[in-house]
1. Give the number of residues within the range A:137-155 that are surrounded by 17 or more Cβ atoms within 10 Å (Cβ to Cβ) and either at pLDDT below 85 or among the aromatic types (F, W, Y) (or both).
2. Suppose we keep only residues that are away from chain A (no Cβ under 12 Å) and outside any helix (DSSP H, G or I) within the range B:287-321. Which one would you say is surrounded by the fewest Cβ atoms within 10 Å (Cβ to Cβ)?
3. For the range B:235-244, check the following and say yes or no: at least one residue is within 14 Å of chain A (Cβ to nearest Cβ), in a helix (DSSP H, G or I), open to solvent by 20 Å² or more (accessible area, probe 1.4 Å) and in contact with a helix residue (DSSP H, G or I) (Cβ under 9 Å, 6 or more places away or on another chain).
4. What helices (runs of 4 or more DSSP H), lying completely within the range B:11-126, carry at least 3 residues that are surrounded by 17 or more Cβ atoms within 10 Å (Cβ to Cβ)?
5. B:F189 versus (1) closer than 30 Å to B:K315 by Cβ; (2) open to solvent by 40 Å² or more (accessible area, probe 1.4 Å); (3) in contact with a Phe, Trp or Tyr (Cβ under 8 Å, 6 or more places away or on another chain): which is the lone unmet condition?
6. Being within 14 Å of chain B (Cβ to nearest Cβ) and either open to solvent by 70 Å² or more (accessible area, probe 1.4 Å) or among the aromatic types (F, W, Y) (or both) is the requirement here; does A:K60 meet it?
7. For the range B:205-229, which residues satisfy the criterion of being open to solvent by less than 10 Å² (accessible area, probe 1.4 Å) and polar (S, T, N, Q)?
8. Could you list all residues from the range A:26-52 that are within 14 Å of chain B (Cβ to nearest Cβ) and surrounded by 16 or more Cβ atoms within 10 Å (Cβ to Cβ)?
Amino acid sequence: MSKAEQKPKKVYGMLAEYGNPAKLIRAAKLVNRAGYQKYDAYSPFPIHGMDEAMGLKESKLGYIVLVHAIMGFFGALALQIWTSSIAYPINISGKPFMNIPAFIPVTFELTVLLSAFGAVFGMFFMNNMPRHNNPLFNSRRFEKVTDDGFFICIEANDDFFDEDKTRKLLQDAGATHIEHIYTLEDR
Amino acid sequence: MAKTKPVDDLIYPQNTGILRVLFGIGALGIFASFIGFFVDTKQFHFSYLTSFSYLASFSLASLFFVMLHHITRSSWGVTLRRIPETFSYQLFILAIMFIPILFGMEYLYKWTSPEILATDHLAQHKQPYLNQPFFIIRQIIYFSVWSFLGYRLYKNSVKMDENADWGLETLQRKISAPGILLFSLTVAFASFDWLMSLDFHWFSTMFGVYYFSMSFQAFFAMIILLGLFLRSRGLLLNTITRVHIGDAGKLMFGFTVFYAYIAFSQFFLIYYANIPEETLWYYHRLEGNWSVISYSLIIVRFAAPFLLLLSKAAKSNFTLLGISSVIIVVIHFLEMHWIVMPTLHYHGFSMHWLDISTLVGLGGLLLGFFFYQFQKHSMVPKNDPKFLESLNKH
């Protein structure tokens with residue numbers, strides 16, 4: 001695509017940097033209280049109390065795992081009962097065909113296996129992963145996030161997003177630096 | 001952080017009422033059991049062994065918990081630690097309480113009888129291990145190891161309350177590291193001696209782990225109940241918080257699964273191999289209405305607490321934790337009964353009044369001693385280097 005055809009860069013959101021974890025928590029609290037929904041806080045390490053500050057609800061991952069565990073449990077039992085006592089019964093040292101104790105190890109293993117799959121892939125799904133790029137990577141300053149940078153980014157498609165008001169809010173919360181994040185539309 | 005000061009009263013209010021009640025109940029139970037001894041000597045010894053193994057399991061698991069806490073330098077449970085410390089201190093009392101079992105060996109253990117020894121090949125084969133003098137020597141070794149460890153760990157911890165000497169913490173670790181090794185061996189062999197040798201034809205190499213897994217699960221139930229009891233009295237409300245009890249709840253949940261894993265593995269290997277002298281033990285326990293207990297162990301001891309405590313919120317919900325803990329503490333006794341009693345009543349399950357009276361007698365005395373000791377010192381190791389960290393846990 002030629003340069004002439006390139007559309008103007010679109011604003012993805014507004015990135016604000018804060019000096020330390022305590023300031024980041026305070027800012028997240030203010031942003032949350034102002035009613036923003038589409039925003040996130042970024043830090044080099046997990047910060048205790050961030051979930052409450054951002055008003056995050058309990059993760060739904062547990063329910064995904066539970067569903068998988070139940071599927072694994074009944075799936076394994078059904079598979080073994082069908083194969084070894086209905087479809088092709090084999091006499092193993094005179095034990096009953098429907099030999100529930102012998103089925104427990106496989107049932108246990110499959111319950112654990114599917115739970116683990118549910119946990120890992122459910123986590124991927126809920127984090128929108130795998131994702132090859134994020135507009136935030138367009139900011140040079142954001143590279144500090146793996147070292148000593150504490151950021152909040154409010155997305156432009158949030159209902160409350162307003163160029164001046166959002167900037168003022170982030171500024172009042174104690175931001176040391178504020179910039180726009182752009183998406184490159186020519187992708 | 002600013003909130004690192006203990007604001008609670010750390011001394012249990014001097015209250016002789018609870019001691020009078022517990023010692024009174026205990027004495028009553030002992031008196032009833034004493035009468036039972038003359039009424040039905042054999043039943044008395046079996047009931048006594050059941051109650052003893054049941055109550056000893058709490059103190060032994062407490063000792064393990066304290067040593068584990070020291071060698072891993074854990075901080076989360078420092079506020080809870082004085083409770084298991086006091087329980088493990090009691091192990092020398094349990095040593096005294098074991099003496100009636102030594103005198104009742106001829107009633108309890110068939111391998112002591114000369115007639116059986118003369119005719120039974122297996123009894124002759126196992127005689128180098130299963131003979132009365134060696135049995136007594138082993139008990140002396142077990143109880144001296146346990147009493148020593150429990151006594152030292154408790155005394156050092158109490159001494160730290162007074163002189164705040166953090167060097168004692170290093171000493172605690174030095175005692176705990178070899179202690180945990182000695183503990184694992186002695187508990188495994190003690191469970192072989194007390195419970196497995198009741199049916200000396202039978203053997204299970206994982207019986208020691210089985211006894212330990214039962215005990216450790218029940219131990220967390222007990223510590224949760226005691227924590228909730230202290231809170232209901234308005235004690236340590238800001239010291240033993242929802243977080244500490246919630247953590248004990250998580251561990252109780254974990255060890256519920258561990259127990260089920262071990263108990264099932266023991267059953268499963270024997271069931272699948274199908275060798276007569278091994279299966280007979282389970283055969284007796286699936287006979288008559290013993291099978292009701294066998295199946296209820298799966299449902300009540302594993303499935304019920306597992307499902308009740310599965311969600312994250314449930315693990316720090318005091319009502320659900322309390323219910324599951326009571327279930328576990330009760331079923332733990334029933335399982336001990338289920339291990340011991342089929343040797344005597346192999347036709348079916350029945351509760352004898354001596355089971356209750358020995359349990360109430362020994363349990364009342366031990367709990368009485370617990371509260372007597374608990375009142376003497378601070379209820380938490382207040383000068384422990386990790387105490388503030390534990391207080392700040394959230």
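1. Residues that pass the stated criteria total 4.
2. B:N289
3. The answer is yes; a qualifying residue exists.
4. Of the helices (runs of 4 or more DSSP H) lying wholly inside the range B:11-126, those with at least 3 residues that are surrounded by 17 or more Cβ atoms within 10 Å (Cβ to Cβ) span B:16-39, B:41-71, B:82-89, B:91-97.
5. (1)
6. On the way: within 14 Å of chain B (Cβ to nearest Cβ): yes; either open to solvent by 70 Å² or more (accessible area, probe 1.4 Å) or among the aromatic types (F, W, Y) (or both): yes.
Yes, satisfied.
7. B:S213, B:S215, B:Q217
8. A:I47, A:M50
The values are calculated or read from the model by the stated rules, or taken from the named source; none is laboratory data. Everything numeric here is computed off the predicted structure, so don't read it as measured data. Heads up, the Cβs are rebuilt from the backbone with ideal geometry, glycines too, and the neighbour counts pull from every protein chain shown. When the accessible area is computed, the model is the full protein with side chains, heavy atoms only, and any ligands, DNA or RNA have been set aside. Shrake-Rupley method; radii C 1.70, N 1.55, O 1.52, S 1.80 Å.
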